[in-house]
Amino acid sequence: MKTPLVTRIAGLFMISTLIALMISCGVQLSHATTQGRKNSFGTVAYTENPFIYNVGAVLEGRANGDSDLLLKFSPLGTYSEFSEYIQFCGFPHEMFEGKKNPVVLTYSRQAHRIIDGRGCHQLIRVDNMEGQ
């Protein structure tokens with residue numbers, strides 16, 4: 001025979017388990033996200049800068065596959081052995097027309113996809129460096 005205290009504790013345990021299950025299902029079904037949300041001005045609010053700014057010289061550029069651009073880039077003020085390859089999604093070669101070295105590349109920090117083991121970034125803009 002069960003005592004009323006044991007029955008009451010078991011009932012409270014069952015009810016609290018059911019409430020916890022309902023809360024966790026509600027969170028899952030709400031499709032919560034940790035991405036940047038639009039504020040009252042209608043713009044996305046970031047907690048950290050989503051772009052990389054790289055200053056230097058473009059040494060070479062070539063198509064990588066059908067639709068991507070692979071650049072060999074030498075950062076300003078470093079030796080040539082520190083050259084790096086940067087891959088951009090799409091083939092944004094027109095952004096480099098009329099530009100001369102050194103240039104400032106602005107591109108997305110997060111790679112949008114991986115091609116041949118290298119991240120493919122979205123190129124935002126290419127600017128000439130002024131006032132040398």
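What number of residues within the range 4-57 satisfy the criterion of being at pLDDT 80 or above and outside any helix (DSSP H, G or I)?
10
Given the options VAL104, VAL126, name the one that is assigned to a strand (DSSP E or B), surrounded by 12 or more Cβ atoms within 10 Å (Cβ to Cβ) and in contact with an Asp or Glu (Cβ under 7 Å, 6 or more places away or on another chain). Before you say what the answer is, go through the steps one by one.
Working: VAL126 fails: in contact with an Asp or Glu (Cβ under 7 Å, 6 or more places away or on another chain).
Residue meeting the stated conditions: VAL104.
Mind listing just one residue for me: the one in the range 71-97 that is modelled with pLDDT under 90 and of a type in the set (Gly, Ala, Ser) and, of those, surrounded by the most Cβ atoms within 10 Å (Cβ to Cβ)?
GLY90
For the range 107-123, give me each residue that is assigned to a strand (DSSP E or B) and surrounded by fewer than 14 Cβ atoms within 10 Å (Cβ to Cβ). Don't jump to the end; show me each part of the working.
Residues of the range 107-123 assigned to a strand (DSSP E or B): 107-108, 113-115, 118-121, 123.
Correct list: ARG113, ILE114.
The values are calculated or read from the model by the stated rules, or taken from the named source; none is laboratory data. Everything quoted here is computed from the prediction, not taken from an experiment. No Cβ is skipped: glycine too gets one built from the backbone with ideal geometry, and neighbour counts run over all protein chains shown.
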